Amino acid sequence: MSTESPETDIDSETADSLVSATRTSLGDTLRSVVYFTPSGFDVLYVRQDLYSSEDAAREAKAQLVDLERVGFAEEPVRTALAHRETGSDIGEYEFTVRFHENGFVVRVIQDDAGVLFTADSMDVSAFEEAISAIRGVLRGA
């Protein structure tokens, strides 16, 4: 995928780092990587065998981004849950994994940016490694 004319303010170095971090963690099970903000998104990577064109990939990913943007609105609730004074502290929000019949959609949000990626069915422990690497890139961006 190309980020020649990004819809967001992501620079090519950050985009490449996000794809590299995710691919390193997930290997060939990785299907796609999308960077998104509350107002835009860029498809950073799509595995070659999935879509006939960049336009088809973007159209398909637009639906996922629309669903996952809810994460920005959830932030105050997640923060409140993480800092409960009642002793039922569940800790800071880390990431969301949506299980589907043939794979996963994973969302991680850091401040006003998010990354979602899709992967084939696999062992879910690999997601923690991918999320840690993605958060490192987003913090540095």
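So Ser20 fits all but one of (1) at pLDDT 95 or above; (2) in contact with a strand residue (DSSP E or B) (Cβ under 6 Å, 6 or more places away or on another chain); what number is the exception?
(2)
Taking strands (runs of 3 or more DSSP E) that fall entirely within the range 40-141, which contain at least 3 residues that are open to solvent by 20 Å² or more (accessible area, probe 1.4 Å) and touching a Cys at 6+ places or on another chain (Cβ under 6 Å)?
none
Can Ser32 be described as among the polar types (S, T, N, Q), in contact with a Ser or Thr (Cβ under 8 Å, 6 or more places away or on another chain) and within 22 Å of Phe127 (Cβ to Cβ)?
Working: among the polar types (S, T, N, Q): yes; in contact with a Ser or Thr (Cβ under 8 Å, 6 or more places away or on another chain): yes; within 22 Å of Phe127 (Cβ to Cβ): yes.
Criteria met by Ser32.
Answer yes or no as to whether Ser17 is open to solvent by 40 Å² or more (accessible area, probe 1.4 Å), among the small types (Gly, Ala, Ser) and closer than 18 Å to Phe95 by Cβ.
So Ser17 fits the description; yes.
Out of all the residues in the range 40-63, is one or more in contact (Cβ under 8 Å) with a residue 40 or more places away in the chain and among the hydroxyl-bearing types (Ser, Thr, Tyr)?
yes
Name every residue in the range 98-137 that is among the acidic types (Asp, Glu) and either on the phi > 0 side of the Ramachandran plot or free of Cβ contacts under 8 Å to residues at least 40 places away in the same chain (or both), in order of residue number.
Residues satisfying the conditions are Glu101, Asp111, Asp123, Glu128.
Please specify each residue of the range 35-65 satisfying the condition of being in contact with a Ser or Thr (Cβ under 9 Å, 6 or more places away or on another chain), closer than 16 Å to Val108 by Cβ and not charged (D, E, K, R).
Correct list: Tyr35, Phe36, Thr37, Phe41, Leu44, Tyr45, Leu64.
The values are calculated or read from the model by the stated rules, or taken from the named source; none is laboratory data. The structure presented is a predicted model; accordingly, all values stated were derived computationally and were not measured. Neighbour counts are summed over all protein chains in view; Cβ atoms, including those assigned to glycine, are modelled from backbone coordinates with ideal geometry. All accessible areas refer to the heavy atoms of the entire protein, side chains included, with ligands and DNA or RNA removed. Shrake-Rupley method; radii C 1.70, N 1.55, O 1.52, S 1.80 Å.
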